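Reading through the structure tokens given below for one structure.
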Amino acid sequence: MQKIRKQLAVIGGGPAGVCAAITAARHGVQTVLVTDRPVLGGNSSSEIRVWTRGATGAGNLWAEEMGVWGELKLENLFRNPDANPVFWDDILLDAVLKERNLELFLNTEIVSASTQKNGAVVCVYGIQQGSERQLEFEADFFIDATGDGTIGAKAGVPFSVGNGKHETLGNSILYYTKKEDHPVSFVAPDYAYDMAHIEKILGCGGRIVNEKMSGSDCWWFEYGGLCDTIADAQDIALELRRLVYGVWNYVKNSGKFDADHYTLDWIGAIPGKRESRRMQTEYCLTERDILSQRTFPDGAFYGGWYVDAHPSGGMYDSGEESCVQTPVNVYQIPLRCLYNRQVPNLLFAGRIIGVERSVFFSSRVMNTCALSGQAAGTLAAQCLQGGKTPEALTDAEVTAVRRTLARDDMFLPGAAIDDPDDLAKQASVSVSSVHAGHPGERSGRMSLKDGGFLAFPAVRGRRIQIEVFVERATTLRARCAVTKLPNRLNIGAETTERCWALQPGLRMLEAEITDENQFCLWSFEANPLVDLAVCERTRIGFLCGRTGEPEVYEPCAWYQNAALYGAEQLVSGENRPWGGANAWIAAPEDAEPWAALRWDTPVSAHEVRLCLDPDLTMELPSSRARHWEKSHLFAARQGMPAGLTKELTLTAELESGETVTLAALHNQHQRHVTVPLPQGVRIRALRAALRETWGGMPPAIYGICVY
């Protein structure tokens, strides 16, 4: 038996495990990542092909998950703009193999674990398929990111399954379709269900089928919720293949679809699993917590997907909707959901963390799982550095974990975390120009015939002005709310009503704003006589959209003489929208924008970090099929983010007065940019020249930090 000794063993190669392993390795932890599959990515991999979604996909604006996961998604957008799932596998593999402190074992199933009398895990044992190697992984800390709580269960951590009756969400097998230039016949395998069986299933609970559906359109091909999703895995997979091939046979051969030229391009060999165990942890996040947006002293990451409930009967459940999705605003998840002191050196990441089942319906999605992995990796690094178990960490050490997460671009909604080591706060700030806050060139209209939303930052004591086109005299009404971060699908219960009597022509909606450090969210009643004027996008913080459609636009809305995007935003401590835009934006006419920091006396520093603008209100899925149904409310990005800086030069003025170039980045495509400084230097000033963005929008910086 081969023994592998590391400080940290991460078991599971899905989004949570990948992010946990990369994070810990970057913080100096000798780490091993072990997965039972030949590729990384879990449900998002090319084996299963579920696209990654999260808070933004459920209506939350400026809420796209970043950090390590965001880095991987932006790399995927740059290298793989068509979101091919095959290339996504290699984005993850490339990132893992780059980390010098990280060793990878693929195709390795963990079969047992050894523990001490105090409950701590000593080692886990695995077998690597193909190599016939028996492996022993010994570590000081372990992270269970298996999706099934495999290590936790073997180590004796209590857990829950499903709704208490062992009824869970089901598994799904997806397929990809392709349209050929010639007719393609299909003869179903003998094991597939016949058309009569399939016809009984279709048409219930929103289970509508057509010849174009592909990829995650097939989410409702669901079965296994009334089985044991671990022990009955093979039976579930075979039943799903019978069902899925039966559906495709029905599409091809029932005569009810224009499917002659369509064929299956791919079908999943293994199902994607939604649910099995949920581990009991030091704290169990409740539905009340997420609906009230409760903050925690150890809040470490966030969720924001719908509370997305599916019937356990899956395709065989004819009495319920296939899913019921309740939108929620972004909410904090604390570190205490990642461990149970009964096993002091074991952390959890992914869908198995400690939450109520109603919360699990939201927290289970892969973007949230990935963030939990980064939180677990950071927590493990802190514990190993101090030689402590997680429950023994002091308040100051928990704050250090959160501070590290924030530095590494983790969004902690509602958390105010001071960073005394950030030297940028001691500097004076100057910029080449400041966006005046006015809208860009008018570019079109957005009809309110089905209603719509408008979101903008609140500026107390100022009047917001919004251009509208009015066909004939009418009254326009809106429900209005304020929130730190708006969800276009969830205006909330605390609203006021505004109405405007409008005459025909180009008119102006005006309203006195009495709030500050919030976003205003207006939900317009349907009115076919009114269109919002929309403009070319040049700002952060102003958005509008139609009811029932995923696309967003920038409204022709503005304040007179309101300072929204000043230089002070560079060192505000906020690095994304929360209660306001929190970004410096250069003036659109500025041909050579720059931002600079200068200290009264030279400072010693080792790195500079910049947070740029990747358009946080559009999703960055791991993959997508050629076709997706409108019901997903998904809008694909058309190229790289228009406001993301593409050409960036960072220079420093040294103590000697010499100016040196620290970095000249070409085709720069990341939001979170870290530039190391030469060892032992003292600097008087820094200057970031943002020479070009990817889409012609003026460049924006959410923050500059210097350490």
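Throughout, read-outs are computed from the coordinates displayed, never taken from laboratory work. Source: prediction; values computed, not measured. All Cβ positions, glycine included, derive from the backbone under ideal geometry; neighbour counts span all protein chains shown.
Couple of notes before you dig in:
- Cα gyration tensor shape of the stretch 442-558, rounded if a/c is under 1.5, else prolate or oblate by comparing a/b with b/c: rounded
- Restriction of the trypsin sites (Lys or Arg not before Pro) in the stretch 573-663 to DSSP coil positions whose beta-carbon has at most 14 other beta-carbons within 10 angstrom yields Arg626.
- CD proxy at 222 nm, helix term only [per DSSP H run n ≥ 4: -39500 (n - 2.57); per residue of the chain; nearest 500]: -5000 deg cm²/dmol
- Overall, the chain carries a charge dipole of about 480 debye about its Cα centre when +1 sits on the Cβ of Lys and Arg and -1 on the Cβ of Asp and Glu, all other atoms neutral.
- In range of the label at Val86: residues from the stretch 40-73 whose backbone nitrogen is under 19 Å from the point 7 Å along Cα→Cβ: 40-42, 44-51
- Qualifying trypsin sites (Lys or Arg not before Pro) in the stretch 233-295, DSSP loop, other Cβ atoms within 10 Å at most 14: Lys256
- Cα centroid separation - the stretch 202-266 against the stretch 401-436, whole Å: 48
- Cα gyration tensor shape for the stretch 171-267, rounded if a/c is under 1.5, else prolate or oblate: prolate
- Measuring nothing but how far apart in sequence close Cα pairs (under 8 Å, 6+ apart) lie, relative to its length, the chain scores a relative contact order of 16 percent.
- Which of Cys535, Cys556 has the fewest Cβ neighbours within 10 Å, and the rest in rising order: Cys535, Cys556
- Using every pair of distinct Cα positions in the stretch 364-440, the Kirkwood expression returns a hydrodynamic radius of 15.3 angstrom.
- Bridges between two residues of the chain, per DSSP, are antiparallel at a rate of about 85%.
- For the stretch 255-380, averaging the sequence separation of C-alpha pairs within contact (under 8 Å, six or more residues apart) and dividing by the residue count gives a relative contact order of 32 percent.
- FRET efficiency, 1/(1 + (r/R0)^6) with R0 30 Å, evaluated for Glu647 and Ser428 via beta carbons: 0.70
- D_trans [Stokes-Einstein, Kirkwood Rh over alpha-carbon pairs] for the chain, 4 °C, 1.567 mPa s, µm² s⁻¹: 48
- A run of the chain free of exposed loop cleavage sites, with GluC sites (Glu not before Pro) counted only in DSSP states other than H, G, I, E and B and at most 12 other beta carbons within 10 Å, reaches its longest extent at 181-440.
- Kirkwood hydrodynamic radius of the stretch 429-509, from inverse mean 1/r over distinct Cα pairs, in Å: 15.4
- Note on Lys449, Lys6: ascending count of other Cβ atoms within 10 Å places them as Lys449, Lys6, the fewest first.
- Cα centroid separation - the stretch 170-185 against the stretch 684-707, whole Å: 45
- Length gained when the stretch Glu494-Arg294 is fully extended (0.36 nm per residue, less Cα-Cα span): 70.3 nm
- Between the stretch 64-124 and the stretch 131-155, the alpha-carbon center distance in angstrom: 14
- Rg/Rh for the stretch 522-590 stands at 1.02; both radii use Cα atoms, and Rh follows the Kirkwood definition.
- Length released on extending from Glu132 to Asp258, taking residue separation times 0.36 nm less the Cα-Cα span: 40.5 nm
- Taking each residue as 0.36 nm, the span from Glu287 to Glu549 lengthens on full extension beyond its C-alpha to C-alpha distance by 91.6 nm.
- In terms of overall dimensions, the C-alpha atoms belonging to the stretch 29-112 reach 42, 28, 27 Å along their principal axes, ordered largest to smallest.
- Candidates per chymotrypsin sites (Phe, Trp or Tyr not before Pro) in the stretch 201-304, loop by DSSP, up to 16 other Cβ within 10 Å: Phe257
- Average projected area [Cα convex hull, the stretch 602-707], square nanometres: 8.0
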